[in-house]
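Peer 1: Below: one structure in C-alpha cells.
The values are calculated or read from the model by the stated rules, or taken from the named source; none is laboratory data. Everything numeric here is computed off the predicted structure, so don't read it as measured data. Don't worry about glycine lacking a Cβ; one is built from the backbone with ideal geometry, like all the others, and counts go over all protein chains shown. For accessibility, only protein heavy atoms count, side chains too; no ligands or nucleic acids. Shrake-Rupley method; radii C 1.70, N 1.55, O 1.52, S 1.80 Å.
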Amino acid sequence: AASLMIFVIYLFLKTSGLFQEKIIPLLLLLFIITPWNFFYGRTGYELYLGFFLFSLGALLCWLSLQKSHLLVPGLSILSIATYASHPQIYSVPIFIIGFSVLFYRLINKKFFFAGLIILFLMQIFVIV
C-alpha cells in the first residue's frame, strides 16, 4: 500500500492545482521519506491499508467533480476502507458529509445517490 500511496498523492497534487509542477516531485520525496510512511508502510499494518483506501476513495471523489462517473467507485472504496482499519469507521462518514455539503452544487445527484446505496449495502453487515 505504501508504494501505491505515492501515485495517489501524486495524482491528488497534480489535479488539485495547489502546487506548481516543479514542486510536486519535491513534495513526493518528502512524503516518501517520512518515517510514518517508510516504517509503517513497509510492515503492512492494517492502519496503512485503511489510510490508502481512504485516500484513494477521497481522490476519486475529488476527481468526480469533473468526471461524475468516478463518484460511485470513490464511495465504494471509502466503504471498503471502513473494513480495513478502525479509524476509518469514523472518518469516512465525516468525509462524506463534509464533501456533500461543500460540493453540493457540483455533485451529480444521480451518481451520488447510487454510490450511497452501494455504500449502504456494503455497510449492512456493520449496521446489523
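Peer 1: Please enumerate the residues belonging to the stretch 17-43 that are within 19 Å of the chain's Cα centre (by Cα) and among the hydroxyl-bearing types (S, T, Y).
Peer 2: Once the filter is applied, which keeps residues that are within 19 Å of the chain's Cα centre (by Cα) and among the hydroxyl-bearing types (S, T, Y), the stretch 17-43 yields only Y40.
Peer 1: Hey, any hits in the stretch 5-13 for a residue that's without any contact (Cβ under 8 Å) to a residue 12 or more places away in the chain and either on the phi > 0 side of the Ramachandran plot or not polar (S, T, N, Q) (or both)? Can you show your working first?
Peer 2: Step one: filter the stretch 5-13 for residues without any contact (Cβ under 8 Å) to a residue 12 or more places away in the chain, giving 7.
Keeping just the survivors that are either on the phi > 0 side of the Ramachandran plot or not polar (S, T, N, Q) (or both) gives 7.
Yes, the stretch 5-13 contains a residue that is without any contact (Cβ under 8 Å) to a residue 12 or more places away in the chain and either on the phi > 0 side of the Ramachandran plot or not polar (S, T, N, Q) (or both).
Peer 1: Regarding the stretch 35-42, can at least one residue be identified that is in a loop (DSSP other than H, G, I, E, B) and buried (at least 16 other Cβ atoms within 10 Å of the Cβ)?
Peer 2: Scanning the stretch 35-42, I find no residue that is in a loop (DSSP other than H, G, I, E, B) and buried (at least 16 other Cβ atoms within 10 Å of the Cβ), so the answer is no.
Peer 1: Would you mention how many residues in the stretch 56-69 are open to solvent by less than 20 Å² (accessible area, probe 1.4 Å) and part of a helix (DSSP H, G or I)?
Peer 2: Adding up the residues that qualify gives 3.
Peer 1: Can you give me the number of residues within the stretch 44-99 that are within 10 Å of the chain's Cα centre (by Cα) and of a type in the set (A, V, I, L, M)?
Peer 2: Result for the stretch 44-99: 10.
Peer 1: Still on this structure: Name every residue in the stretch 4-18 that is open to solvent by 90 Å² or more (accessible area, probe 1.4 Å) and within 22 Å of Q66 (Cα to Cα), in order of residue number. Give the steps one after another, and end with the answer.
Peer 2: The first filter runs over the stretch 4-18 and keeps only residues open to solvent by 90 Å² or more (accessible area, probe 1.4 Å), leaving 4, 7, 14, 18.
Passing the criteria: F7, K14, L18.
Peer 1: Could you say whether any residue in the stretch 117-126 is touching a residue at least 40 places away in the same chain (Cβ under 8 Å) and of a type in the set (V, I, T)? Reasoning before the result, please.
Peer 2: To start, the set of residues in the stretch 117-126 that are touching a residue at least 40 places away in the same chain (Cβ under 8 Å) comprises 118-119, 122-123, 126.
From what's left, of a type in the set (V, I, T): 118, 126.
Yes: one or more hits.
Peer 1: Test L29 against the stated conditions and say whether it is out of contact with any Ser or Thr (no Cβ under 6 Å at 6 or more places or on another chain) and either in a helix (DSSP H, G or I) or open to solvent by 40 Å² or more (accessible area, probe 1.4 Å) (or both). Show your work before the answer.
Peer 2: On the way: out of contact with any Ser or Thr (no Cβ under 6 Å at 6 or more places or on another chain): yes; either in a helix (DSSP H, G or I) or open to solvent by 40 Å² or more (accessible area, probe 1.4 Å) (or both): yes.
Yes; evaluated as a whole, the condition is true for this residue.
Peer 1: Within the stretch 43-54, work out how many residues are of a type in the set (S, T, Y) and crowded, with 20+ Cβ neighbours inside 10 Å. Walk me through how you get there before you give the answer.
Peer 2: We begin by selecting, within the stretch 43-54, every residue of a type in the set (S, T, Y); these are 43, 45, 48.
Those still in the list that are crowded, with 20+ Cβ neighbours inside 10 Å too: 48.
Looking only at that region, the number is 1.
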